[in-house]
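Shown next, in C-alpha coordinates, is the structure this report addresses.
The values are calculated or read from the model by the stated rules, or taken from the named source; none is laboratory data. Computed from a predicted structure; not experimentally measured. Positions of Cβ are backbone-derived with ideal geometry, glycine not excepted, and every protein chain shown enters the neighbour counts. To get the accessible areas, we keep the full protein, side chains included, count just its heavy atoms, and leave off ligands, DNA and RNA. Shrake-Rupley method; radii C 1.70, N 1.55, O 1.52, S 1.80 Å.
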Amino acid sequence: MHIVLRDGALCRGKRIESNSDLTLLQHDSTNHMWMMLNNEKPGLSNVDVRRAINSVVNKENIVTVALNGMGVASYSQTPSNLEGATEEKSEKYDVEQAKKYMEQSGVDPSTIQLSIICSNDQKSGPPK
(Lines give C-alpha, C1' and ligand atoms only; values in the text may rest on other atoms or scores of the structure.)
Protein backbone atom coordinates (compact mmCIF):
# COMPACT_ATOMS: atom_id res chain seq x y z
CA MET A 1 0.00 0.00 0.00
CA HIS A 2 1.26 3.48 -0.83
CA ILE A 3 0.20 6.49 1.19
CA VAL A 4 1.04 9.98 0.02
CA LEU A 5 1.25 12.68 2.68
CA ARG A 6 0.81 16.19 1.37
CA ASP A 7 1.32 19.62 2.94
CA GLY A 8 0.32 19.79 6.58
CA ALA A 9 0.71 16.03 7.10
CA LEU A 10 3.92 16.22 9.14
CA CYS A 11 2.21 14.99 12.32
CA ARG A 12 0.79 11.95 10.49
CA GLY A 13 4.24 11.24 9.07
CA LYS A 14 5.69 11.12 12.59
CA ARG A 15 3.01 8.63 13.62
CA ILE A 16 3.82 6.42 10.63
CA GLU A 17 7.56 6.59 11.41
CA SER A 18 6.90 5.43 14.96
CA ASN A 19 4.98 2.34 13.76
CA SER A 20 7.44 -0.53 13.21
CA ASP A 21 4.96 -2.24 10.83
CA LEU A 22 5.13 0.68 8.38
CA THR A 23 7.88 2.29 6.33
CA LEU A 24 7.67 5.96 5.50
CA LEU A 25 9.35 7.00 2.25
CA GLN A 26 10.03 10.71 1.96
CA HIS A 27 11.07 12.99 -0.88
CA ASP A 28 11.21 16.71 -1.52
CA SER A 29 8.05 18.17 -2.99
CA THR A 30 7.98 19.80 -6.39
CA ASN A 31 5.90 22.60 -4.89
CA HIS A 32 7.84 25.82 -5.48
CA MET A 33 7.33 29.28 -3.98
CA TRP A 34 9.20 32.30 -5.18
CA MET A 35 9.44 36.07 -5.05
CA MET A 36 8.96 37.77 -8.39
CA LEU A 37 10.18 41.29 -9.07
CA ASN A 38 8.81 43.48 -11.84
CA ASN A 39 12.06 44.39 -13.59
CA GLU A 40 10.30 47.06 -15.60
CA LYS A 41 9.91 49.26 -12.51
CA PRO A 42 12.48 51.99 -11.80
CA GLY A 43 15.36 50.61 -9.74
CA LEU A 44 14.27 47.02 -10.21
CA SER A 45 15.29 47.26 -13.86
CA ASN A 46 18.90 47.19 -12.62
CA VAL A 47 20.26 43.63 -12.37
CA ASP A 48 22.52 44.52 -9.42
CA VAL A 49 19.52 45.78 -7.43
CA ARG A 50 17.72 42.49 -8.07
CA ARG A 51 20.84 40.55 -7.05
CA ALA A 52 21.07 42.64 -3.87
CA ILE A 53 17.46 41.86 -2.97
CA ASN A 54 18.02 38.16 -3.65
CA SER A 55 21.18 38.16 -1.50
CA VAL A 56 19.49 39.82 1.45
CA VAL A 57 16.53 37.40 1.63
CA ASN A 58 17.25 34.68 4.19
CA LYS A 59 15.48 31.78 2.51
CA GLU A 60 16.34 29.30 5.29
CA ASN A 61 14.60 31.53 7.84
CA ILE A 62 11.54 31.86 5.62
CA VAL A 63 11.24 28.06 5.48
CA THR A 64 11.65 27.85 9.25
CA VAL A 65 9.24 30.63 10.19
CA ALA A 66 6.69 30.95 7.38
CA LEU A 67 6.50 27.24 6.53
CA ASN A 68 7.04 25.85 10.03
CA GLY A 69 10.16 24.06 8.79
CA MET A 70 8.15 22.08 6.24
CA GLY A 71 10.19 22.80 3.15
CA VAL A 72 13.60 23.24 1.66
CA ALA A 73 15.09 26.61 0.73
CA SER A 74 15.24 27.05 -3.03
CA TYR A 75 18.17 28.64 -4.82
CA SER A 76 17.02 27.76 -8.32
CA GLN A 77 14.25 28.82 -10.66
CA THR A 78 12.80 25.32 -10.42
CA PRO A 79 12.44 22.81 -7.58
CA SER A 80 15.83 21.23 -6.85
CA ASN A 81 14.56 17.70 -7.45
CA LEU A 82 13.57 18.35 -11.08
CA GLU A 83 15.83 17.28 -13.92
CA GLY A 84 18.08 20.14 -15.01
CA ALA A 85 17.64 22.25 -11.87
CA THR A 86 20.84 24.06 -10.96
CA GLU A 87 22.06 26.41 -8.27
CA GLU A 88 24.76 27.72 -10.58
CA LYS A 89 25.11 31.50 -10.25
CA SER A 90 22.53 31.53 -7.45
CA GLU A 91 22.71 34.07 -4.65
CA LYS A 92 23.03 32.81 -1.08
CA TYR A 93 22.07 34.89 1.97
CA ASP A 94 24.88 37.44 2.29
CA VAL A 95 24.14 40.94 3.57
CA GLU A 96 27.64 42.23 2.79
CA GLN A 97 27.37 41.01 -0.80
CA ALA A 98 23.96 42.69 -1.05
CA LYS A 99 25.56 45.98 0.00
CA LYS A 100 28.23 45.56 -2.68
CA TYR A 101 25.59 44.89 -5.33
CA MET A 102 23.67 48.02 -4.30
CA GLU A 103 26.84 50.11 -4.46
CA GLN A 104 27.63 48.67 -7.92
CA SER A 105 24.12 49.46 -9.10
CA GLY A 106 24.42 53.20 -8.56
CA VAL A 107 20.75 53.20 -7.54
CA ASP A 108 19.66 55.10 -4.42
CA PRO A 109 17.78 52.48 -2.33
CA SER A 110 15.33 55.12 -1.10
CA THR A 111 14.03 55.51 -4.67
CA ILE A 112 12.93 51.89 -4.94
CA GLN A 113 9.28 51.17 -4.23
CA LEU A 114 7.94 47.66 -3.72
CA SER A 115 4.38 46.46 -3.61
CA ILE A 116 4.07 43.10 -1.92
CA ILE A 117 1.35 40.62 -2.79
CA CYS A 118 1.53 37.37 -0.88
CA SER A 119 -0.39 34.20 -0.31
CA ASN A 120 -2.30 33.64 2.90
CA ASP A 121 -1.76 29.87 2.74
CA GLN A 122 -0.84 28.48 6.11
CA LYS A 123 1.43 25.49 6.68
CA SER A 124 0.59 23.77 9.94
CA GLY A 125 3.18 21.86 11.88
CA PRO A 126 2.71 19.04 14.34
CA PRO A 127 0.08 19.51 17.06
CA LYS A 128 1.39 21.18 20.18
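Would you mind getting me the FRET efficiency between Asp94 and Asp21? Use the beta-carbon distance for r and R0 = 35 Å, nearest 0.05.
Efficiency, from the Cβ-Cβ distance: 0.15.
Using a probe of 1.4 angstrom, how much of the accessible area of region 20-128 is carbon and sulfur, in percent? Intermediate results must be reported in sequence, preceding the final value.
Details: 4340 of 8720 Å².
Carbon plus sulfur share of accessible area: 50 percent.
Per residue, how much accessible area does region 10-49 show when a 1.4 Å probe rolls over the protein heavy atoms, in square angstrom?
Roughly 85 Å² per residue, with all protein chains present.
Across region 15-128, how many lysine pairs separated by 8 or more positions, or lying on different chains, have Cα atoms within less than 22 Å?
Pairs that pass both the separation and distance tests number 10.
Given R₀ = 25 Å, FRET efficiency for Asp108-Gln77 by Cβ-Cβ distance, to 0.05?
Numbers: r = 29 Å, r/R0 = 1.15.
Efficiency for this residue pair is about 0.30.
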